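Notes follow the structure.
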Amino acid sequence: MKKTKVTKTERRVVRAINKHIESNSFIEPNYKRWYIGITNKIDRRAKEHEKTYGKLHYFQSYYACSKRISVAIETYISKKGTANAIGSRGAKNTSKWVYVFKSEPTKLDEILELFRGLGLIKDN
């Protein structure tokens, strides 16, 4: 099997996702509390997840340029133990967006969101 070259976009997005997860985790990242996926329509997919998870905590999306890159990013991050299954079941060729959110927020996350909403602390 031919191994594909890791692109600059892939490295940039993986770094950004890891930074996002680390900055919204306490003490150390717990990837099993996070969900990563790919899609061609961010708004639609977020609404679908809201039906399952309720409010999407720390939702962030990243443009990956191609389906191949978005699948590679999703697979790489998923192997760290995220809540989603590994694999791009049903992904379309237009699925060029990678998204991540905290699927199992802690009580501390909820308190921080309350403080942010009151303007007592600012986002990163």
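A few notes on this one:
- The Rg/Rh ratio for the chain is 0.98, where Rg is the radius of gyration of the alpha carbons and Rh is the Kirkwood radius.
- Cross-link reach list, lysines versus Lys102, counting only Cα pairs under 22 Å and skipping chain neighbours closer than eight places: Lys19, Lys32, Lys41, Lys47, Lys51, Lys55, Lys79, Lys80, Lys122
- Net charge, Trp34 excluded, C-beta distance under 9 Å - Lys, Arg +1, Asp, Glu -1: +3
- Overall form of region 1-62 per C-alpha gyration tensor (a/c, 1.5; a/b vs b/c): oblate
- Computed per residue of the chain from DSSP H runs no shorter than four, each worth -39500 (n - 2.57), the mean residue ellipticity at 222 nm is -13000 deg cm²/dmol.
- GNM top mover of Gly54, Gly37, Gly87 - the chain, alpha-carbon springs below 10 Å: Gly54
- Residues of type aspartates and glutamates that Lys92 reaches as a straight line, Cα spacing below 15 Å, ignoring anything fewer than 8 places off in the same chain: Glu74
- 17 Å cut-off, amide nitrogen to a point 7 angstrom out along Tyr63 Cα→Cβ, residues in region 85-101: 94-100
- Residue with peak Gaussian network fluctuation, the chain [Cα springs, cutoff 10 Å], from His20, His57, His49: His49
- Positive-end ranking of Cys65, Val14, Ile77 along the dipole of the chain, with charges on Cβ about the Cα centre, is headed by Cys65.
The numbers here are math on the coordinates, done by the rules we state, and not lab data. This one's a predicted model, so the numbers in the text were calculated from it and none came from an experiment. Note: ideal-geometry Cβ built from the backbone for every residue, glycine included; neighbour counts use all protein chains shown.
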